[in-house]
Amino acid sequence: MNKEFFEIIRPGIHTTIQDQGRLNKYHIGIPFSGSMDQRNYLISNQLLGNNLNESSLEFAYQGPLIKLNSGKLTGVITGNVTFNIIRKNSKVDKGICYQTFEINDGDQLDIISTNRSVYGYFSIKNGFKGDYIWGSCSVNTKAKIGSNNGEKFSKDQKIYINKSENLSNQKKVNYFNSKIEYIRVLKGTNYNYFSEKSKKIFFSKEFTISKLTDRMGMRLEGNKIENILETNIRSEGLIKGVIQVPPDGNPIIMLSDHGTIGGYPKIAVVISADYDRLVQIPPGSKIKFKPVELIEAENLYKLYKIETENILKKII
Amino acid sequence: MIKNISNLGDAAVYCDFGSEINKEINLNVIKYFRNLHQANIKGITNITPSYNKLIISFDLSIINFEKLVEKIKKIKIDEIVSLDSKIIKIPICIDEEFSLDLDRLSKKLKINEKEIINSFINKNYFCYMTGFIAGMPFLGDLENNIRLQRLETPRVKVPKGSVGITEQFCNIYTFESPGGWNIIGSTPIEVFDKSNENNPIKINPGDTINFYKISKDEYFKLNE
C-alpha cells in the first residue's frame, strides 16, 4: 500500500476528486461529473506538467485543511482562493494562486475560502490516487461511483497521492477570473410553453441564485416563469446547461452531476462558452440571461477555446 | 422514424420521434440509439434515448450541430440490429413497511389494496428507457385501473429499492433519491451494480419485466 498521503484535519464543505469527467454513460443514468470549472482545472494540471486529465482536488466555498505525510512535492491552487501553507516549524506562508509551491512532510495546507466564487482546484505533480470507472476517477455522490467510494472527503480520512515529486522550476501564469455580465443562452425546445410576459421577464429581469445550489443544479429565485401549456413533459434526456422550469415557476439550471432524464419543460440552454463562469457565481448573487443564436454561440465557444489554449500554451 | 431534428443548446442534437408513447415508437428510438452507437461518430459524447426522443450531445470543439445532423441523416438504419431483449423476473415485497402509498392509491383510485396488487403483479412491462439516476428503469404500461398522478409534493427521500408507479408507468429507485412516484412496494435486488463495469444495469431498454410477490422474510433473506 502506498504510504504517501494528505491527512484531512478539516474536510471543507464539498471536497472531491475530479478529472475531466465521464463520457457516454447518459443512457444508463450516469452524467459527466468532472471538474465544474474545466478551465481552472486544466490550468492547474498544465502548471505542473501533468497529463491534462490528471486527478485534482476540487473544493467549494471553504476548502480543506490537510497535512502532508510524504516526501517533498510540488502543488498549485487555481481559482480565486485564499490559502496558507503552514510549515512544520509553524511559519505561515501566504498562498498565491496560479503559482506552483513546494510542500514538505509535516506541512499543512489551509484552504480558507473561494472568494466571490464557488470552486477551486488543488493539484499536485503526478496527481492524487483515483479509483477509475468508465475512464474517469471523478466522484459522483449520487451514484456513489468514482474515487473515495463516490463520497466527498470527511474528517480524518487520507487522500493518497500517486508519487511525490518536486519540480525544480517554479511555474506561474497571470490569469484573471473574469466575470460575465450576462449568461448567454439559446432558446430551449419548450420555449413556447411559456407566456409572452414570462418570456420577457426571463430575458429582462434578474434572478437570484438560491442556497440550494450544488453540483447537480443551480436553482434560481425571484421571478416565477408562467407555463401556459403543460407543466410536465414526457421525460426525456437532459444535458449540462439546460434550464428547466418546474411547476412552481422557479428555473433550475442543470450542472455537471445532473439527473440524465427530466420531465420539466426546457425554456433555454446556457451556451458552452459561458458554463465555466456560470458555475463560479455564488448563491445570493443575481444573474441575467441574454438570448443568442446558434452560430453566435458556436463562435463564442471557438473564441473561449482558443483563449484557454493560449493560456495553456503560455505555461510551457 | 425521426419526425423532426432541432438543436438543444449549442452542443446537442434533439431528435423528435413524435408526441405519442408506445412500444413501436420507442423501439425505433432504441434502434437509432444502437445504430448510432455502432457508427462511432467522432465528437459524440453521449446518446440518450427516452420514450420518444433521442438526444445526442457532442464536443463542440470537434464537430458542430450542422455537420453532425448531416452525418446522422446519412446513417443507414440497420433494421435487424438485434434487440437481444430479455424477460426478467423481479421480486417485490408489498408489506406496509415498503408500500408507502398503497393507502393513497386505494383511496384515490377507489379500489381496494388487493385489487391494486393483483392488477400490478405478474404482468409483462416493457422497459422504455433507463436513467435519471443510475440504472433506474422506466417501465410500462400499467393496467388502466391503477393509473394515478404523481404525489402533489414529492418526497425528499425515496428509499433505495422502492417500486413507484405514476400514470401508465412504473420505475425502481436504484438509489435513495428525491421522487414523486406512488410507492407500491420494494425489491431487495440490486438493479445497478457498479462492480460489473461492462454490464452494470440489470434492466435495459427493450427488456420485459415481470414482478412477483415475496414475503417480508424472503425480502430480508434476499437483501442479505
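The values are calculated or read from the model by the stated rules, or taken from the named source; none is laboratory data. All values reported here derive from a predicted model rather than from experimental measurement. When we count neighbours, we look across all protein chains shown, and the Cβ atoms used for this are built from the backbone with ideal geometry, even at glycine.
Key figures for this structure:
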quantity	calculated
Number of the condition not met by residue A:39 [criteria: (1) within 14 Å of another protein chain (Cβ to nearest Cβ); (2) under 28 Å from residue A:284 (Cα atoms); (3) surrounded by 24 or more Cβ atoms within 10 Å (Cβ to Cβ)]	(3)
Subset of region B:9-67 [within 10 Å of another protein chain (Cβ to nearest Cβ), more than 23 Å from residue A:268 (Cα to Cα) and not in a helix (DSSP H, G or I)]	B:20, B:21
Odd one out for residue B:115 among (1) away from every other protein chain (no Cβ under 14 Å); (2) surrounded by 22 or more Cβ atoms within 10 Å (Cβ to Cβ)	(2)
Single residue of A:178, A:210, A:117, A:154 found to be within 21 Å of the chain's Cα centre (by Cα) and at pLDDT below 95	A:178
Residue B:155 being farther than 18 Å from residue B:186 by Cβ and surrounded by 14 or more Cβ atoms within 10 Å (Cβ to Cβ)	no
Top-ranked residue of region A:130-153 - restricted to ones that are over 18 Å from residue B:201 (Cα atoms), out of contact with any Cys (no Cβ under 9 Å at 6 or more places or on another chain) and charged (D, E, K, R), ranked as surrounded by the fewest Cβ atoms within 10 Å (Cβ to Cβ)	A:151
From A:214, A:156, residue being out of contact with any Ser or Thr (no Cβ under 7 Å at 6 or more places or on another chain), under 25 Å from residue A:304 (Cα atoms) and surrounded by fewer than 18 Cβ atoms within 10 Å (Cβ to Cβ)	A:214
Residue within region A:278-294 that is free of Cβ contacts under 8 Å to residues at least 40 places away in the same chain and outside the structural domain of residue A:139 (by TED's automatic domain parsing) present	no
Qualifying residue in region B:144-153 (condition: closer than 18 Å to residue B:93 by Cα, within 17 Å of the chain's Cα centre (by Cα) and either at the interface with another protein chain (Cβ under 9 Å from one of its Cβ atoms) or not hydroxyl-bearing (Ser, Thr, Tyr) (or both))	no
Qualifying residue in region B:163-184 (condition: outside any strand (DSSP E or B), within 14 Å of chain A (Cβ to nearest Cβ), among the charged types (D, E, K, R) and free of Cβ contacts under 8 Å to residues at least 60 places away in the same chain)	yes
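Each row is one residue, and each column tells you yes or no for (1) surrounded by fewer than 23 Cβ atoms within 10 Å (Cβ to Cβ); (2) in contact (Cβ under 8 Å) with a residue 24 or more places away in the chain; (3) more than 14 Å from chain B (Cβ to nearest Cβ).
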position: A:218; (1), (2), (3): no, yes, yes
position: A:233; (1), (2), (3): yes, yes, no
position: A:236; (1), (2), (3): no, yes, no
position: A:241; (1), (2), (3): no, yes, no
position: A:249; (1), (2), (3): yes, yes, yes
position: A:253; (1), (2), (3): no, yes, no
